[in-house]
Every structure is written in structure tokens, then in C-alpha cells.
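Below: the structure, in C-alpha cells.
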Amino acid sequence: MRVRRYHVMNTRRKTITSGSGMSKSRRRKLYLKGADFLLDIAKLVFGGVILSGIIDLELNKVALFSVGAVVVAMFTSWGFFLYLRGTKTD
């Protein structure tokens, strides 16, 4: 007697990072848009920190500038990482 084997289709959605469900050009565009967004957020945070430092508010200046510098560095590094991923040639 012959046994039949049926293959079950994988119905789970694949993530963006797996790359199998999205073309390379579309993924690169997504990386570049994400990089643009993160760099814009870094610019806005930098401007907010500078404006908060100029305006005479009851804030601890050292804490304001240190937290602001960390946040700006974080968003900038993530933005440049995505930019490099979007412009990488295979």
C-alpha cells in the first residue's frame, strides 16, 4: 500500500527583514524613507533642545543637553544605518 504525503502550505506572513516577500528596489526605497524620517526627527529634537536652552525655563541644563545629545546621536546613527542599507549595492 502506498502512503501519500501532503505538504502543508506555510500561511504565516514573512517579515520585511526576511526579504522574500518584497523586491530589492522596494526594500531600498523603504530604507531610504526610514532614514529620511529618522534624520528629520533628529533635526527636530536638536532644534527643540537648542530652543529649550535659549528660552529661560526652569530646567536642568546639563540634563537637557545630555539627554538631547544622546537622543540626537541615537536617531542620527539609526538614520545613517538605514541610509547605508538603502544605498548598498549587491
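None of the figures in this text is laboratory data; all of them are computed from the coordinates on show. What you see is a predicted model, and the numbers here were worked out from it, not measured in a lab. Every residue, glycine as well, gets a Cβ built from its backbone with ideal geometry; the counts of neighbours run over all protein chains shown.
Between ALA73 and ILE55, the simple spin-label model (points 7 angstrom out along Cα→Cβ) gives 2.6 nm. Could you give the length gained by full extension between PHE65 and ARG26, i.e. 0.36 nm per residue of separation minus their alpha carbon distance, to one decimal place? So the chain would gain 10.3 nm between PHE65 and ARG26.
Extension gain for the segment PHE46 to LYS88, taken as residue separation times 0.36 nm less the Cα-Cα distance, is 12.3 nm to one decimal.
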